[in-house]
Amino acid sequence: MDRECVSLLPRVCEVLADSRRSLPDDTSLEKLLDWFTELTKSVKGASLLETCPCLLEFISTVVYNTASDPGVLSFTLKLTGLMGATEKGFTMLQECSVLDLAFNVQHWQKAALWGDPCIRIGWIHGLQSMLQHPKALTFFVQSDFIEPLLQLQTDASLFVASAANQTLAHILVFFQLPLFTGCNSTSKKDEDDKRACACTTDLQHPAVTVETSPEYDAVVMAISEYLRESLVPKENTELHQSLQLLKLLALLLAQARPPLRDTLLRTVTASLEELVTTGYSPLTLPLMDVILAAYSSSSTDKSDTHITHLLSSMLNANKPADLIHAAAAVLRRGQHDTVHTSWAVRILLLPLDIITGHTLLGINTAADEHRFSVVEHLKSKTSCISMICVSLTNTPQITLMSAGCLPCPPVLIATAVLLLLRVCNGHIPSSSTGCTEVFRNVIGSGKVQKCALEALATLNSSPGAKEKMSEVFTVLIEYLDNPLSDPTVIHKSFQALIKWMCVCKDLSSITDQLKQDLVAVVKKRVCDMRWEVRDSTVEFLGKVADALKSPEECDMPEDLLGGCSCTTPLLKEALQDPESYVRASAISALAQTLAHSWQQGAVLTQEQTEIVSQLLEILSQDTEGFARRAVIQFFIAWFLSRSSHSLSSTSTSYSLLINSVRSVLSLGSADLDWEVKVHTLELVELLLDEAFSGHQRYNKDSDSHPASLHPYAVVSDQAYTLHSHPGTHTEGVESDLAGALNSLVELGVISVLLSGLVDCDRPVGLKACRLLIKLRETVCPLSLEALDASATMATVTRVSCEIPGRGWGQEIKKILGMKKSDWNNQVVVTAQRSFNGADGVESEGDGVCVGVCEVLRSLGLDERLNVLTQSSDHVHNSPFSLLQDILISSAKNTHPGTQPGQEVIVDCY
């Protein structure tokens, strides 16, 4: 602990223990407890009470003074448990008789404080923190704390009940016997297993001695008996209690090992059977969690028989809703055995079979015994929608199962989903045997439509999907064209369409009429009154274009949407959309659309020139950040997509790109949105990569690609190929360096980096600083020995840049002034310049021209990087600051000049 904190802590304890003072911000106590928790981890077994004896005095004072604020009392109970988590700390607390009073429930009940939930929470958390060693377990048992802890399982406060639940699980799991106890084999493998096991045991479990075993057995017996007696509710008002206990039991069975697991199951099996037989619907899912947890961790044949019977009983429940939820739980927990999984699949497909009239289960199957009850259940709209959605949610997983678990080929399930989508749109199959009342429940149901579309999108990879391509297109176009489809349904329809487009390499089954219908509906939806629909349509156009440029994944015909002749005009129009989200999506989609021509090195068109002009206008004038960020990402995508072999420096596309980059860098670096500025620096990084690729001192980072860090980012599938610089002699390399540096200066790269370095937004400054360090190490390393000859350095040091007299230039000048002595020693005066004074700068109007290398060496970039790497609140976000805040706020609260109701702002972290 810091010496400054040690000096403040006694005063803080005095303030907290004074019942006449109160804290305006309760979170300061939580922060203080977090700090103590970290300290207990760092002292490595030594008691914090020895380091800070004022804590023991504080705990003793507070637990005797019941007039203290309940928040302080709760904090004290938690702190007491934390201090007692080590045996040494536990002994010190016990010798002072603090533990008996702090955790005495009757003490808090007599003070009329036990009714406050924060006292009960403090009591529970304190106990759980302390129960880390056998002495604490002995204290817990001898003090008869098990009974109040069990009673808190059903506390009126959910937070208290949940904390009590977790504490019981902690006690049983933490103190259970270590794994592989008693192994005495001597083979190398067994020795390795024992060694590995010992490491795990040391970390997770204490050394359970003979003395603690009776106490632990008593706890196990008490908890098991409580579960056996309380699992089954006596009346409906006790359902909440049963729910909490089932959660506890599921948690225990998932972590327990023999003999604890067997003891629990042996005790509660009869109660579980009663719950299954009674059929409490609200308990279906938690009961299935318990049964499946026991089934997964089964160890004895006897337990297996009981649990298997319970699982079978749940999968034959009389209530259809319970039945389908139980079946879904089986699939959710993973495949256990073919018998139960096959049965669960049939149950889940039954509602789909009934509504569509499409035979999925065959005839005369065991599932038919539930058909009548399920049909009756589907006549209720709420129940119908719920059951259908559960069925649909599980269909993708079902179609991927082994043939032994399926009652029909997967393609039939896809057909049933398509039929259901038609029913939802009002098309009742003439051959259907379904009930009219059931049809009425699903027609126009947005929830069923969304679930069905999500299922259909994932069914694209199921066996036999190719056969359904034309039918899928037809249904999805119907949904897209339906004026009653809400925006989410349209969005999911577009998503499903893309998924099915890209799964099959052959789309020859798509007729010309379907293609025409698709183009018509896209043109309709891109002009929709609802911006969400326009946004989904524009995104769809971009994804189609992205699929077109990846022929190895999807052999989609170029004329599916009429090619770029249809797509690009629609996207250009969307650039003028009044909604910023749509404009941003249109820019992203344009990048995906044009990327194909960029990669092929196609001749620049007038349309592309107009698009670039529009984008630069958006970057300079758009009032929303989404669109401006997307513009920067557009040019990043352009750089990533171009190929050095197909796009030469003399091509018109290259000229347009470079000329545009100058404007993009200028506008982007001056933007008010920090994300726009960061993306601009990502473009700068690409320019640096290109300029210095192949140079031995340039270190190209292997970070994830910048374009993938934003929702409107566009990443080309084609790798970005950087050119290498010619020349084998040092002079040639340094000359090439100077040329590359000159080009960067002319593009405005250096200005962007310097302005970013002093930007008020930390992410911008941090990115710029790192890039400047990379540039410095490449063109002017601090160690002159890194250059082969000092004569060659002159070429690079002649390169200069202009620093403006206003704005960010003033900040840079201040930094250079602070480093004047270091900078003067490194200034290189050339015959071509007339420098003004010892500063080594040449006046140019309001700005000054300086050597790039001199600036890079004089900015103190390494020191600045250290500051920027730290969190912005590293000075105030500290324990010392927290302790000061507590003292200051307490003084303000008790100051005679403080008016009632005045708030004290606490700057605690």
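The values are calculated or read from the model by the stated rules, or taken from the named source; none is laboratory data. Predicted model only: the values in this text are computed from it and were never measured. Neighbour counts are summed over all protein chains in view; Cβ atoms, including those assigned to glycine, are modelled from backbone coordinates with ideal geometry. Ligands, DNA and RNA are excluded from the accessible area calculation, which covers all protein heavy atoms including side chains. Shrake-Rupley method; radii C 1.70, N 1.55, O 1.52, S 1.80 Å.
Judged by the mean number of other Cβ atoms found within 10 Å, the most tightly packed of the peptides 215-223, 447-455 leads the ranking 447-455, 215-223. For region 586-645, the solvent-accessible area works out to 34 Å² per residue, with a probe of 1.4 Å and every protein chain left in place.
When every Cα-Cα distance of region 241-329 is counted in 5 angstrom steps from zero, the calculated P(r) takes the values 2, 15, 30, 27, 17, 7, 2, 0 percent.
Here the label points at Asn699 and Glu147, each 7 Å from Cα along the C-beta direction, are separated by 6.8 nm in the simple model. With a simple spin-label model that places each label point 7 Å from the Cα along the Cα-to-Cβ direction, the separation between Asn236 and Gln513 comes to 5.6 nm.
Over region 93-140, the hull volume per residue, using the convex hull of the C-alpha atoms, is 68 Å³. In plain terms, the chain from Thr458 to Lys524 could stretch by 21.1 nm, reckoned as 0.36 nm per residue minus the Cα-Cα distance. The length gained by stretching the chain between Ser157 and Asn866 to full extension, at 0.36 nm per residue less their Cα-Cα distance, is 250.6 nm.
Here the accessible area of region 46-138 is 52 percent carbon and sulfur, with a 1.4 angstrom probe and all protein chains present. Label positions at Glu811 and Arg3, each projected 7 Å from the Cα along the C-beta direction, are separated by 3.7 nm. First check a/c for region 1-118, with a ≥ b ≥ c the square roots of the eigenvalues of its C-alpha gyration tensor; if it is under 1.5, answer rounded, and if not, answer prolate when a/b is larger than b/c or oblate otherwise. Oblate, because a/c is 1.5 or more while a/b does not exceed b/c.
Per residue, what accessible area does region 1-112 have, given a 1.4 Å probe and all protein chains present, in Å²?
47 Å²
With protein chains left intact and a 1.4 Å probe, residues in region 387-533 average 40 Å² of accessible area per residue.
Computed over protein heavy atoms with a 1.4 Å probe, the carbon and sulfur contribution to the accessible area of region 423-488 reaches 51%. Cβ-Cβ distance of Ala111 and Thr37, R₀ of 35 Å, FRET efficiency by 1/(1 + (r/R0)^6): the value works out to about 0.80.
Applying 0.36 nm per residue to the separation of Thr277 and Glu624 and subtracting their alpha-carbon distance, the gain on full extension is 118.9 nm.
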